[in-house]
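Data block below; observations after.
Any read-out appearing in this document is the output of simple, stated calculations on the displayed coordinates, not a laboratory observation. What you see is a predicted model, and the numbers here were worked out from it, not measured in a lab. Please note: Cβ atoms are built from the backbone with ideal geometry, for glycine as well, and neighbour counts cover all protein chains shown.
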Amino acid sequence: MTPTIPAVVPPLPHENPFKRRYAATVSFQWLAAGWRDLLTKPVPSLIYGLVVFAVSAIIVVGLFTFDLDYILLPAFAGFMVVGPVLAIGLYEKSRRLAAGTPVTLGSMLRPHAVSMGQILFIGVLLCLVMLLWMRAAVILCALFFGLLPFPGLAQIAHVLFTTPTGWALLIVGTAVGALFAAFSFAISAFSIPMLLEKRMDALTAMGTSMALVWNNLPVMLTWGAIVLSLFLLSLATGLLGLIVVFPLLGHGTWHAHRAI
């Protein structure tokens, strides 16, 4: 009896759920959508931002109290690394507003994530990246200035901008910091909002996030510049700006995720 060869059925075409090649200016639409979410029932979002400000202020005071002010600048950079995890409650509010479900501060502090365990995994990973970046900053300082005592925040600007060693540290430190920032931004830009509403593992979510960032590089670079600019504005206000800026960016990130 001649064996029969089963027919090979080609896979049916399916629509790619992800978008790409957005114009860079679309990022400002995400920011505007985040502002609308902030103004819709603003009290929970502002309380959320107030908590982030209070925790940040306590950490800064603690660094000065324990004479750890030499890691203050890397700590500010590290805040941007772990920021996407801290904003999960803001993603929850934007999701609830889009679904038409009630929004309360309690629902933001206890978000209903489909893959909460995987979000915690990414949070731990981002914390490790932050600690690694802070350690790298200390090592760079030691390599360029030796085992000299930290000159203090009042003198550090003079040392960095008026000496050849300072300029070299700025250039190398910026390059190293950019690598840490690019990696953390790429893996967290969409992975945490994605895990909030989809069941998948953390590695798949982070890989998908990196692919989406790479395929939408112009708009994501613009969004990253917006995030950095608003964070620097918050620093200029003594972190008080975080009360408004952090919720604004959190809501805007959710709309970036939904768009792409």
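Of all the residues in the range 201-217, those that are over 13 Å from Gln118 (Cα atoms) and of a type in the set (A, V, I, L, M, F, W, C) number 6.
Applying the criterion of being out of contact with any helix residue (DSSP H, G or I) (no Cβ under 8 Å at 6 or more places or on another chain), among the aliphatic types (A, V, I, L, M) and without any contact (Cβ under 8 Å) to a residue 24 or more places away in the chain to the residues of the range 47-67, the residue that is farthest from Ala186 (Cα to Cα) is Val61. Counting only helices (runs of 4 or more DSSP H) that sit completely within the range 155-244, those holding 3 or more residues that are under 30 Å from Ile139 (Cβ atoms) correspond to 164-188, 202-215, 217-236. Every listed requirement among (1) surrounded by 15 or more Cβ atoms within 10 Å (Cβ to Cβ); (2) more than 16 Å from the chain's Cα centre (by Cα) is met by Gly78 save one, (2). Is the range 223-238 home to any residue that is under 18 Å from Ser94 (Cβ atoms), polar (S, T, N, Q) and crowded, with 21+ Cβ neighbours inside 10 Å? Scanning the range 223-238, I find no residue that is under 18 Å from Ser94 (Cβ atoms), polar (S, T, N, Q) and crowded, with 21+ Cβ neighbours inside 10 Å, so the answer is no. When the range 155-206 is examined, which residues are found to be of a type in the set (Phe, Trp, Tyr) and under 30 Å from Lys93 (Cβ atoms)? Phe180, Phe183, Phe185, Phe190, listed by residue number. Restricting the range 209-243 to residues that are closer than 17 Å to Val85 by Cα and among the β-branched types (Val, Ile, Thr) leaves a set whose member that is farthest from the chain's Cα centre (by Cα) is Ile243. Looking at (1) without any contact (Cβ under 8 Å) to a residue 12 or more places away in the chain; (2) exposed (fewer than 13 other Cβ atoms within 10 Å of the Cβ); (3) over 28 Å from the mean Cα position of the chain (by Cα), which is the only condition Gly117 fails? Only one criterion in (1) without any contact (Cβ under 8 Å) to a residue 12 or more places away in the chain; (2) exposed (fewer than 13 other Cβ atoms within 10 Å of the Cβ); (3) over 28 Å from the mean Cα position of the chain (by Cα) is unmet by Gly117, namely (3). Checked against (1) without any contact (Cβ under 8 Å) to a residue 40 or more places away in the chain; (2) touching a Ser or Thr at 6+ places or on another chain (Cβ under 9 Å); (3) of a type in the set (A, V, I, L, M, F, W, C), Leu230 passes all but a single condition, namely (2). Scanning the range 22-55 for residues that are over 29 Å from Pro102 (Cα atoms), among the small types (Gly, Ala, Ser) and surrounded by 14 or more Cβ atoms within 10 Å (Cβ to Cβ) yields a single hit, Ala24.
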